[in-house]
Amino acid sequence: MIRLEKRPEPSKLWSWATPPLAVILTMIAGGLMFAALGKDPVAAIRTIFWDPIFGEFAFYYRGQLLVKAGPLILIAIGLSLGFRAGIWNIGAEGQYIIGAICGAAVGLAFYPWESFIVFPLMVIAGAIGGLLWAMIPGLLKVKFNTNEILVSLLLVYVAEFILASMALGALRNPDGSGFPGSRNFRSYPAAFNDEIIAGTGMHWGVAAAFIAVIFAYVLLARHQLGFQIKLAGQAPRAARFGGVNPVRLVLFCLGISGALAGLAGLFEVTGPAGQINIDFNVGYGFTAIIVAFLGRLHPVGILLAGLLLALTYIGGEAAQSALGLPAAAIQAFQGMLLFFLLAVDVLTNFRVRFGAGEAA
Amino acid sequence: MTALLELNGLTKAYPGVVANDDVSLVIQPGEVHALLGENGAGKSTLVKMIYGLVKPDSGEMRLRGERFTPAEPRAARAAGVAMVFQHFSLFEALDVAENIALGMENPPKMRDLAAEITRVSNAYGLPLDPARLVGDLSAGERQRVEIIRCLLQNPKLLIMDEPTSVLTPQEVEILFQTLEKLRSEGTSILYISHKLEEIRRLCDAATILRLGKNVGTCDPRQETARAMAEMMVGQVLHVPERTPHATAEVALELRNLSVKSPSAFGTSLKDVSLTVQKGEVLGIGGVAGNGQDELTAALSGEVLAGPGQIMFDGADVAGLGPNARRALGLLAAPEERLGHAAAPDMSLTENAVLTGTVRKSLTKNGFLNWAGARSFAEEVIKGFDVRTPGAHTAARALSGGNLQKYVIGREILQKPELLVVNQPTWGVDAAAAAAIRQALLDLAAEGAAIVVISQDLDELMEISDRFAALNEGRLTKPVPAKGLTVDQIGLMMGGAHDMEAAS
């Protein structure tokens, strides 16, 4: 008989050991699935996990890795602060879109003025756009006690319609012969979010993500506000007793997650995406929720989780094209990873005991 | 004469703890047998085995000489064992008779049942109207519903788990008369409690459990309360010393404090007025749920009050939050240790930061001084004899008594001008309780004002200079604690607001 026994304290060792264990279990279970599909499991696993980093075309994939991981990390860091405090912003996708629109609008308004000031202004506008969009669920929550999960989620769809309207209307490229979509920032150097070092994929958004990781780490480990965030999430009554102002905390957490999502949108639209268009958003805001939880809501964990998830996307695409694996198999593989990560998490809080139930 | 119930070497282990270790006891017919022990001594596990809720790992039970192995409570009830739990299982939206019918195997017609309830309730001196809604009943009356539910089964053994914890002294008196009548009819009662005076008054025999073991059986009428307490605790008890220190200087004044309860099921405070002097301990009694939590929250600053309702050292603090009040020296320790006074999953160091940032200067420009927090936590651990591996331990890993010592110690070491504590020794072992009471008295001796909110009357009488009671959110006029009789206290708790006539 196998029994689970609650640990008096969460295990430090297992909270670090479970993610690698989950990756190994995923490789085994995924390998079995690929074998059942008639593919070489070792080759498939190598294509997904090894080739993008060390393989023949790694010079290309490595850059892609950062391009994909950057926005995921940047958004997930913001979300994790709220999640730790028990404030559930599910609408980062919407804040990402609005941030991109606001930032892009500022940039396009200055077109074709070539000045070093244009890009910083766009960055600020992007952050403010995301922040204001997140303030809608925030203010509704503190004023009327609405549920921020529903409000922030539904505002994603509103943001998508605004995006479509902008791409077709106010922000449409006047020289675009009627096609939807804004001017492409690649042809406006002052507003283009170029790679900082050519060929590495490292653009300003990736740099911002790394800075956000450090910022969040210091906030949570050293600052009183970070302590209050953790306290409010773990024990709301104790937080109140400890003098935490719940209204300020809600607005701060939603504000910072909105601002970071807005920044991610701005860096994406001015860089990898290049323009505002109907299909600009590809779900980074939702995937970032997974990244935040995979990373245990810890800044360093989120950094690693963002890179890992980006790797499975890029490696998965590579495996589809190189080995002819069906897209559904790749999605199932990614699902397995999440499944195992959450499943083995039980080891952090519980001890597995074998035997016939003799107590210690 | 065969014993009614005989337990031989009952053992029950749970992961990490042996709840009952080779416990034996004998209950004679018509005997009121006390089961005595601190929290966690294994009393509940033992009676759950008798009632068929828990299966023993080893040992045997004999009921009237025959082997007794109830597989479930229904089997125990069929054999004549009934139990009144500490927490009631009643539906507030149903009336008394309906609630009783719900617990029966084959309920009779409602009209017959109502007549039966009236008959039994009159016979045993527990007046109860079968047609009343349970939601309208007081805690004492709800307990009567549970008792009558048991009596309708004509039990041979009635188990009562801490029955007096929810009762006023007058209600306790009525309950005791009922129990004595039952005894005279030959019903045995297994009476679980840790209130020693009660046991000395009521019980014929007492079995004392400590850490799951039977450490002795005695005749409670022959033993002193102190001797039994020491058997229960396993060490010599230290009785708090006190000398009144009240000065004429007023530390806290409440002027018609009225606060709506934040919870829908809470009790709002209505026109609470009092003064507390420096060096004085004011005890506030009352049955649970009469506004104790609301008063604590209003004083700690978690709930804000209208202007001028709370004056501290002559300044209006009604609109200040918890940390602003801490800065002035008004500190509090709420009742619920885990989740309110301390964050369960956080370490003791982090829990030191919870209330200590202001007075212990644990922040600089918003950044936390973790080294300072750790040394403050260690100071509390050392000063209040908190048994724990160290300041890095999570709060939930501590026993109730140790965590309570930590919580109270954390506030006391911040040198409060006024300390408000709610249920300072609830669920705490006797040795820790004595240490906590002594620490509160020492603090008062140094000139701090102290408000102790508690449901433990013995505790309040032991440490208070003046006493008041909360009833439905109203506070009686505080009166000197010395010389108060149990009757007067009962009247105050029951809502008699004008004590001058009585005293």
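The values are calculated or read from the model by the stated rules, or taken from the named source; none is laboratory data. This one's a predicted model, so the numbers in the text were calculated from it and none came from an experiment. Neighbour counts run over all protein chains shown; Cβ positions are idealised from the backbone, glycine included. SASA here: full protein model, heavy atoms, side chains in, ligands and nucleic acids out. Shrake-Rupley method; radii C 1.70, N 1.55, O 1.52, S 1.80 Å.
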*Determine if region B:43-55 includes at least one residue that is of a type in the set (Lys, Arg) and over 30 Å from B:Gly140 (Cα atoms).*
yes
*Only listed residue being part of a loop (DSSP other than H, G, I, E, B), more than 24 Å from B:Gln170 (Cα to Cα), more than 26 Å from the chain's Cα centre (by Cα) and small (Gly, Ala, Ser), chosen from B:Ala115, B:Ala97, B:Ala101, B:Ala93*: B:Ala93
*Being in contact (Cβ under 8 Å) with a residue 24 or more places away in the chain, of a type outside the set (Lys, Arg) and part of a helix (DSSP H, G or I) is the filter here, so list the residues in region B:124-153 that pass it.*
B:Val134, B:Gly135, B:Ala139, B:Gly140, B:Gln143, B:Val145, B:Glu146, B:Ile147, B:Ile148, B:Cys150, B:Leu151
*Considering only residues that are in a helix (DSSP H, G or I) and hydrophobic (A, V, I, L, M, F, W, C), look in region A:79-99 and name the one that is farthest from A:Asn245 (Cα to Cα).*
A:Ile97
*Determine whether region B:308-317 contains at least one residue that is away from chain A (no Cβ under 13 Å), hydrophobic (A, V, I, L, M, F, W, C) and without any contact (Cβ under 8 Å) to a residue 40 or more places away in the chain.*
yes
*Out of all the residues in region A:268-275, is one or more more than 14 Å from chain B (Cβ to nearest Cβ), of a type in the set (D, E, K, R) and farther than 24 Å from A:Ala29 by Cα?*
yes
*Report whether or not B:Ile192 is modelled with pLDDT of 90 or more, closer than 21 Å to B:Lys12 by Cβ and open to solvent by less than 10 Å² (accessible area, probe 1.4 Å).*
no
*Return the total of residues in region B:363-375 being more than 11 Å from B:Glu350 (Cβ to Cβ) and of a type outside the set (S, T, N, Q).*
5
*Count of region B:278-327 residues which are among the charged types (D, E, K, R) and either surrounded by fewer than 24 Cβ atoms within 10 Å (Cβ to Cβ) or closer than 24 Å to B:Ser361 by Cα (or both)*: 6
_Can you tell me which residue is nearest to B:Arg210 (Cα to Cα) among those in region B:37-55 that are open to solvent by 40 Å² or more (accessible area, probe 1.4 Å) and either touching a Cys at 6+ places or on another chain (Cβ under 7 Å) or at pLDDT 85 or above (or both)?_
B:Lys48
*Only one residue in B:Thr224, B:Thr207, B:Thr168, B:Thr217 is touching a helix residue (DSSP H, G or I) at 6+ places or on another chain (Cβ under 8 Å), under 24 Å from B:Gly427 (Cα atoms), among the hydroxyl-bearing types (Ser, Thr, Tyr) and outside the structural domain of B:Gln488 (by TED's automatic domain parsing), so which one is that?*
B:Thr168
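Residue-wise test of (1) open to solvent by less than 20 Å² (accessible area, probe 1.4 Å); (2) within 14 Å of chain B (Cβ to nearest Cβ); (3) under 24 Å from A:Gly130 (Cα atoms).
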site	(1), (2), (3)
A:Leu225	no, yes, yes
A:Val244	yes, yes, no
A:Leu254	yes, no, yes
A:Ala261	yes, no, yes
A:Ala288	yes, no, yes
A:Thr312	yes, no, no
A:Gly316	yes, no, no
*asked:* Quick test of your reading of the structure: B:Glu379 fulfils all but one of (1) modelled with pLDDT under 95; (2) open to solvent by 10 Å² or more (accessible area, probe 1.4 Å); (3) more than 22 Å from the chain's Cα centre (by Cα); (4) under 30 Å from B:Gln277 (Cβ atoms). Name the failing condition by number.
replied: (1)
*Looking at region B:323-337, which of its residues are within 8 Å of chain A (Cβ to nearest Cβ), under 24 Å from B:Ala288 (Cα atoms) and in contact (Cβ under 8 Å) with a residue 12 or more places away in the chain?*
B:Ala332, B:Pro334
_I'd like the full set of residues that are part of a helix (DSSP H, G or I) and either more than 7 Å from chain A (Cβ to nearest Cβ) or more than 14 Å from B:Lys415 (Cα to Cα) (or both), limited to region B:341-368._
B:Leu348, B:Thr349, B:Glu350, B:Asn351, B:Ala352, B:Val353, B:Leu354, B:Gly356
*Residue check: is A:Ile117 out of contact with any Ser or Thr (no Cβ under 6 Å at 6 or more places or on another chain), open to solvent by less than 30 Å² (accessible area, probe 1.4 Å) and of a type in the set (A, V, I, L, M, F, W, C)?*
no
*asked:* If I filter region B:286-306 for residues that are part of a strand (DSSP E or B) and at pLDDT below 95, do I get at least one hit?
replied: no
*Out of curiosity, is A:Phe59 of a type in the set (A, V, I, L, M, F, W, C), in contact with a Gly (Cβ under 9 Å, 6 or more places away or on another chain), farther than 28 Å from A:Gly233 by Cβ and in a helix (DSSP H, G or I)?*
yes
*Just give me the residues in region B:115-143 being at pLDDT below 90 and basic (Lys, Arg), in sequence order.*
B:Arg132, B:Arg142
_Matching residues in region A:146-193 - criterion: being without any contact (Cβ under 8 Å) to a residue 24 or more places away in the chain and part of a loop (DSSP other than H, G, I, E, B)_ = A:Thr146, A:Asn147, A:Gly169, A:Arg172, A:Pro174, A:Asp175, A:Gly176, A:Ser177, A:Gly178, A:Phe179
*In this structure, is A:Ala76 outside any loop (DSSP other than H, G, I, E, B), open to solvent by less than 60 Å² (accessible area, probe 1.4 Å), farther than 16 Å from A:Ala305 by Cα and away from chain B (no Cβ under 14 Å)?*
no
*Candidates A:Leu304, A:Leu308, A:Leu297, filtered to the one that is open to solvent by 20 Å² or more (accessible area, probe 1.4 Å), part of a loop (DSSP other than H, G, I, E, B) and of a type in the set (A, V, I, L, M)*: A:Leu297
*Among the residues of region A:228-238, how many are open to solvent by less than 10 Å² (accessible area, probe 1.4 Å) and within 8 Å of another protein chain (Cβ to nearest Cβ)?*
3
*How many residues are in contact with an Asp or Glu (Cβ under 8 Å, 6 or more places away or on another chain) and either more than 12 Å from every other protein chain (Cβ to nearest Cβ) or part of a helix (DSSP H, G or I) (or both) if we restrict to region A:1-21?*
1
*List every residue pair whose Cβ atoms sit under 6 Å apart, with the two residues 6 or more apart in sequence or on different chains, where the first one lies in region A:336-353 and is closer than 16 Å to A:Leu294 by Cβ and at pLDDT 85 or above and the second, anywhere, is of a type outside the set (A, V, I, L, M) and crowded, with 18+ Cβ neighbours inside 10 Å.*
A:Met336/A:Thr26; A:Met336/A:Gly30; A:Leu337/A:Thr26; A:Phe340/A:Thr26; A:Val344/A:Thr18
